[in-house]
């Protein structure tokens, strides 16, 4: 870690000095030795800003090149190699995982889908077709990321919280979860729900509205089931009745069957 920090603070750093450490750094990301965010003993998530800073150096010192598979990218990036020993299912060539992604045992990638650098995908998780796991997103154990889901990437600013999805969460098809969102253990995000760090979440069970906390984060509580809803808004347009889409928590704790989420 000390070598990484010294390079971040070295204004005279050259590409030749950087590249060997960059390869070691990506290996540390791939193995989970370093990660963008960590769960502390106080029960809170902490952003490791220096990890983001080092990833940004990787882009800075990279040079455009053409890889053997035909893709054109910075030569510091490229595809993550996945071995059979990792016991990860990468079902097709249309699954793309950038180098610098931790993948736990038993993770499944269904084609086509994409995971970006800095992401952490823990064991037993499913990333379904057309899903995106954005840069630095932190995904827990046994998470189901449904078809067409977008988990937003948050690389800059370096102090910003990435999207964090804790263990045993279900994210239904077509959901969009972007920067400034933490989804706690066992929550269910229904199909088509949009959650951002600036989106109030209406909890009809507790008759409250969840707004950003002191860190500007929307936290979906443990065991919550969230579905798309609407809220009426005032308008000066004559004869118009308008509403905006909002996430609504409809229940807590009870087991939700897959069919309940996929069928109206």
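Treat the count of other C-beta atoms within 10 Å as a stand-in for reagent exposure and order 120, 4, 252 from fewest to most.
252, 4, 120
If you restrict to DSSP beta bridges whose two residues both lie in the chain, what percentage is antiparallel, to the nearest 5?
35 percent
Take the Cβ-Cβ distance between residue 72 and residue 207 as r, set R0 to 45 Å, and report the resulting FRET efficiency rounded to the nearest 0.05.
Here the calculated transfer efficiency is 0.25.
Which shape class, rounded, prolate or oblate, goes with the chain when its Cα gyration tensor gives a ≥ b ≥ c as root eigenvalues, a/c under 1.5 marks rounded, and past that a/b bigger than b/c marks prolate?
Prolate, since a/c reaches 1.5 and a/b exceeds b/c.
If the elastic network links every pair of Cα atoms under 10 Å, which of 237, 36, 193 fluctuates the most in the Gaussian network model of the chain?
237
In nanometres, what is the gap between the two model label sites at residue 243 and residue 185, each 7 Å from Cα along Cα-to-Cβ?
Between residue 243 and residue 185, the simple spin-label model gives 3.6 nm.
Taking the Cα centre of each part, how many Å lie between segment 97-128 and segment 209-256?
What the calculation gives is 29 Å, centre to centre.
Under the rule a/c < 1.5 gives rounded, and otherwise a/b versus b/c splits prolate from oblate, where does segment 143-235 land using the Cα gyration tensor?
rounded
In whole percent, what relative contact order does the chain give with Cα contacts below 8 Å and a gap of six or more residues?
Once divided by the residue count of the chain, the mean separation gives 10 percent.
Label 7 Å along Cα→Cβ of residue 92; segment 105-143 residues with amide nitrogen under 18 Å?
What the label zone holds, given the 18 Å backbone N cut-off, is 108-115, 126-133.
For segment 1-150, what does the alpha-carbon gyration tensor say about shape, rounded, prolate or oblate, given a ≥ b ≥ c as the root eigenvalues, a/c under 1.5 as rounded, and a/b over b/c as prolate?
oblate
I need the peptides 133-145, 215-227 ranked by packing, meaning the mean over residues of other C-beta atoms within 10 angstrom, with the highest value on top.
The densest-packed peptide leads the list: 133-145, 215-227.
To the nearest 10 degrees, how steeply does helix 49-60 sit against the main Cα axis of the chain, on a 0 to 90 scale?
With both axes taken from Cα atoms, the answer is about 60 degrees.
Which residues among segment 9-36 fall inside the zone where the amide N is under 20 Å from a point 7 Å beyond the Cα of residue 63, along Cα→Cβ?
12-24
Each reported figure results from applying straightforward, stated rules to the coordinates on display, with no laboratory input. Worth saying up front: this structure is predicted, and the values here are computed from it rather than measured. A quick note on method: Cβ atoms are made from the backbone with ideal geometry, for glycine too, and the neighbour counts reach across all protein chains shown.
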